[in-house]
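The values are calculated or read from the model by the stated rules, or taken from the named source; none is laboratory data. Everything quoted here is computed from the prediction, not taken from an experiment. Don't worry about glycine lacking a Cβ; one is built from the backbone with ideal geometry, like all the others, and counts go over all protein chains shown. Just so you know, the surface numbers come from the protein's heavy atoms only, side chains and all, with ligands and any DNA or RNA stripped out. Shrake-Rupley method; radii C 1.70, N 1.55, O 1.52, S 1.80 Å.
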Amino acid sequence: MLSGLVIVDKPQGWTSHDVVGRMRRLAGTRKVGHAGTLDPMATGVLVLGINKATRLLTYIVGTSKTYTATIRLGQSTVTDDAEGEVTATTSAAGITDEDIDDGVAALTGDIQQVPSSVSAIKVNGERAYARVRSGEDVKLAARPVTIHRFEVHAVRRDTAEVVDLDVTVECSSGTYIRALARDLGNTLGVGGHLTALRRTKVGPYALDQARTLEQLAEDLNVLDMSLAARVLMPNRELTAEEAAEVSFGRRIAAGAAPGTPGAATAEHPAAAFAPDGSLVALLADAGSYAKPVLVFAPGNGAAATAPAEP
């Protein structure tokens, strides 16, 4: 059974669900998932999992992301990006480079961010964007995010009224770049929105590994699960005996003492490999033992959650 990750360069205008549907047809399987959505306007890295590799996606969703983007200062939109109607225009002609630097600095590091009201966040069981489309005034709660890097590469003053910024943002999972554009504009008193967005990296998976849907239709480039896990999480090399025990969901000796920097946890497990290099399981250290969080039994066609031990 074909299992692994596919790093897609998502085209503009496609939803992440559209891409999943296309991959199901290309891979000949219904078992395809993605590790975090991209808005239809955005392009770039979308990580898909096929068959057994869908079980790795939960550990990819929470990784950091990197984007290149263009922020327009001087205009606000209902969606905080170029797809929404302009709701306010304020001349940005008086905004200096120093003002921009100060605004960017204020939005770097650990911040509280209010997601766009047209996001896919659920409010009482319904997507926020659906409530907005039905005419409801949706106010979402602020959430903590981390902006690791917010770098301005170019400041373009092509018209008298707006200023366009070409930026790179590296951020924690859950960050909305269009909300960052909105907040920068609001901080500078002129409003702002996103006009272009390209995701260049998700965790360890970068744009140079990505393929367009057209390329994948010609050659379905699938990253083997063992290779995918090696770059995603800490590694543990097992002996043949340990691999056999783990493949049956049994405990083995811990790789590191709990609480130490090298200790694996259920949320951040270690990838355990058999002597032949194949991925056997994901392990968490608990006391003097390491126990399987997830077992990839050879030849069984599916990953299995390890049985609980007394």
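Would you pick out the residues in the stretch 88-118 that are of a type outside the set (Asp, Glu) and either in contact with a Cys (Cβ under 6 Å, 6 or more places away or on another chain) or free of Cβ contacts under 8 Å to residues at least 60 places away in the same chain (or both)?
Gly94, Thr96, Ala105, Thr108, Gly109, Ile111, Gln112, Ser117, Val118
Among the candidates Thr195, Thr187, Thr168, single out the residue that is at pLDDT 95 or above and either farther than 25 Å from Thr89 by Cβ or not hydroxyl-bearing (Ser, Thr, Tyr) (or both). Step through it out loud before you land on a result.
Values: Thr195 fails: either farther than 25 Å from Thr89 by Cβ or not hydroxyl-bearing (Ser, Thr, Tyr) (or both); Thr187 fails: either farther than 25 Å from Thr89 by Cβ or not hydroxyl-bearing (Ser, Thr, Tyr) (or both).
From the options Thr195, Thr187, Thr168, the qualifying one is Thr168.
Check the stretch 22-34 and report whether any residue there is more than 20 Å from Glu218 (Cα to Cα) and within 12 Å of the chain's Cα centre (by Cα).
Checked the stretch 22-34: at least one residue is more than 20 Å from Glu218 (Cα to Cα) and within 12 Å of the chain's Cα centre (by Cα).
Any residue in the stretch 178-186 that is within 18 Å of the chain's Cα centre (by Cα), more than 17 Å from Thr79 (Cβ to Cβ) and open to solvent by less than 10 Å² (accessible area, probe 1.4 Å)?
No.
Filter the stretch 187-214 for residues that are crowded, with 21+ Cβ neighbours inside 10 Å, among the hydrophobic types (A, V, I, L, M, F, W, C), over 15 Å from the mean Cα position of the chain (by Cα) and not in a strand (DSSP E or B) and give the result.
Leu188, Val190
Report, ordered by the first and then the second residue, all pairs with beta carbons closer than 7 Å, sequence separation of six or more or different chains, a first member in the stretch 233-256 that is under 17 Å from His268 (Cα atoms), and a second member that is hydroxyl-bearing (Ser, Thr, Tyr) and surrounded by fewer than 20 Cβ atoms within 10 Å (Cβ to Cβ).
Within 7 Å, the pairs are Ala254/Ser288; Ala254/Tyr289.
Quick one: in the stretch 148-159, of everything that is of a type outside the set (D, E, K, R) and more than 18 Å from His193 (Cβ to Cβ), which residue is surrounded by the fewest Cβ atoms within 10 Å (Cβ to Cβ)?
Among residues in the stretch 148-159 that are of a type outside the set (D, E, K, R) and more than 18 Å from His193 (Cβ to Cβ), the one surrounded by the fewest Cβ atoms within 10 Å (Cβ to Cβ) is His153.
Among the residues of the stretch 113-123, are any of a type in the set (Lys, Arg) and surrounded by fewer than 17 Cβ atoms within 10 Å (Cβ to Cβ)?
Within the stretch 113-123 (the criterion being of a type in the set (Lys, Arg) and surrounded by fewer than 17 Cβ atoms within 10 Å (Cβ to Cβ)), the answer is yes, since at least one residue qualifies.
Give me a count of the residues in the stretch 56-78 that are part of a loop (DSSP other than H, G, I, E, B) and out of contact with any strand residue (DSSP E or B) (no Cβ under 8 Å at 6 or more places or on another chain).
Of the residues in the stretch 56-78, 1 are part of a loop (DSSP other than H, G, I, E, B) and out of contact with any strand residue (DSSP E or B) (no Cβ under 8 Å at 6 or more places or on another chain).
Among the residues of the stretch 18-55, which ones are in a loop (DSSP other than H, G, I, E, B), open to solvent by less than 40 Å² (accessible area, probe 1.4 Å) and either touching an Asp or Glu at 6+ places or on another chain (Cβ under 8 Å) or closer than 20 Å to Gly203 by Cα (or both)? Give the derivation first.
Taking the stretch 18-55 as the starting set, the residues that turn out to be in a loop (DSSP other than H, G, I, E, B) are 28-31, 35-42.
Checking the rest, the ones that are also open to solvent by less than 40 Å² (accessible area, probe 1.4 Å) come to 29, 35-36, 38, 41-42.
Ala35, Gly36, Leu38, Met41, Ala42, listed by residue number.
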